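Scroll down for the structure; my scribbles are underneath it.
The values are calculated or read from the model by the stated rules, or taken from the named source; none is laboratory data. These numbers come from a predicted model, not from an experiment. So basically every Cβ, Gly included, is an ideal-geometry build from the backbone, and we count neighbours across all protein chains shown.
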């Protein structure tokens, strides 16, 4: 279905070719347990026409990442965090909704895998998914500044410790594996 959509879009040679962009952003964690992430990424790819673009990106981010939660007998929750240097590697697709104007809204999707430079590969955060909505502001035929808002879904494992009785010696300890959510705001420059 995606290939049919892409092939049916009008092709204009002026808009075809290699493109690259740099983005800086901040993800604000939402939900009961969450992470905030400051990040910078570079995306390289190919514009097939004035509507469709596909590429590959790599980034670096910093997070004071959740790695443990303790819930005591009095239902007091304590979060334990550790410094994480995140390295997402992802595929990127982008659909411009208005192909010929200076201002063009777009939809994009990043999907990939995140490593943590402070951990062994087997302990990496893992799968990453980010649907976005943004607006391109075209400066020239080859350059634009854009902004976007997206939902950042990042897999994380953390330990979950809960006191199951009234004594301090009976704890239930598990490892939770879930997609932590964040609202991400980014600004980018395409050249």
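Things worth noting here:
- Any pair with Cβ under 7 angstrom, 6 or more apart, that starts in the range 22-48 at a residue that is under 15 Å from residue 87 (Cα atoms) and ends at one that is part of a loop (DSSP other than H, G, I, E, B): 27/36
- Evaluation of residue 75 against the conditions (1) without any contact (Cβ under 8 Å) to a residue 24 or more places away in the chain; (2) closer than 26 Å to residue 133 by Cβ shows that the sole unmet condition is (2).
- Residues of the range 62-98 that are more than 29 Å from residue 173 (Cβ to Cβ), surrounded by 19 or more Cβ atoms within 10 Å (Cβ to Cβ) and modelled with pLDDT under 95: 96 alone.
- Criterion applied to 119, 130, 154 was being closer than 19 Å to residue 59 by Cα and assigned to a loop (DSSP other than H, G, I, E, B), and the one residue passing it is 119.
- Taking the numbered list (1) at pLDDT 95 or above; (2) more than 18 Å from residue 66 (Cβ to Cβ) in turn, residue 184 passes all entries but (2).
- Sole residue being loosely packed, with under 13 Cβ neighbours inside 10 Å, modelled with pLDDT under 95 and under 19 Å from the mean Cα position of the chain (by Cα), chosen from 123, 172, 141: 123
- Residue that is modelled with the highest pLDDT, among those in the range 2-36 that are in a loop (DSSP other than H, G, I, E, B) and more than 22 Å from residue 136 (Cβ to Cβ): 36
- Yes/no for residue 39 being at pLDDT 85 or above, over 16 Å from residue 109 (Cα atoms), touching a helix residue (DSSP H, G or I) at 6+ places or on another chain (Cβ under 6 Å) and surrounded by 14 or more Cβ atoms within 10 Å (Cβ to Cβ): no
- If you go through the range 78-102 and keep only what is more than 21 Å from residue 157 (Cα to Cα), in a strand (DSSP E or B) and touching a residue at least 40 places away in the same chain (Cβ under 8 Å), you end up with 92, 93, 94, 95, 96.
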